[in-house]
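Single-structure report; data block below.
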Amino acid sequence: MEKLKILLIFGGCSTEHDISRASAAAILGHMDSSKYEALPVGITRDGRWLRYTGPCSLIEAGGWEAPGYASPCALNLERGRLELIYGDGGREKFDAAFPVLHG
């Protein structure tokens, strides 16, 4: 059985940024990796979207924006296209989105 790719969006510009990161880390820590592949995307306090590929512990601790772990991305805005677009032109499809944004 192929794993479902779940886009998990966290962070954001609100005052609840830190709470969103803690929630995202908890969700990632409990997600069944035999069924789901998580695609964490953090929104920085200044509104940049970054695809995160590092350890879950850095999300809650606040170090997730470190170079080497985060790369710029955006959602494809075409109707029905469930994919991330990267700064280098690469694309990655996902099956569902799980917004973990507060505030």
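Each reported figure results from applying straightforward, stated rules to the coordinates on display, with no laboratory input. A quick note: this is a predicted structure, and the numbers were derived from the prediction, not measured. Here the Cβ positions follow ideal geometry from the backbone for every residue, glycine too, while neighbour counts run over all protein chains shown.
Every condition in (1) over 19 Å from E2 (Cα atoms); (2) touching a helix residue (DSSP H, G or I) at 6+ places or on another chain (Cβ under 8 Å) holds for L50 except the one numbered (2). When the criteria are applied in full, R45 fails the requirement of being of a type in the set (D, E, K, R) and touching a strand residue (DSSP E or B) at 6+ places or on another chain (Cβ under 6 Å).
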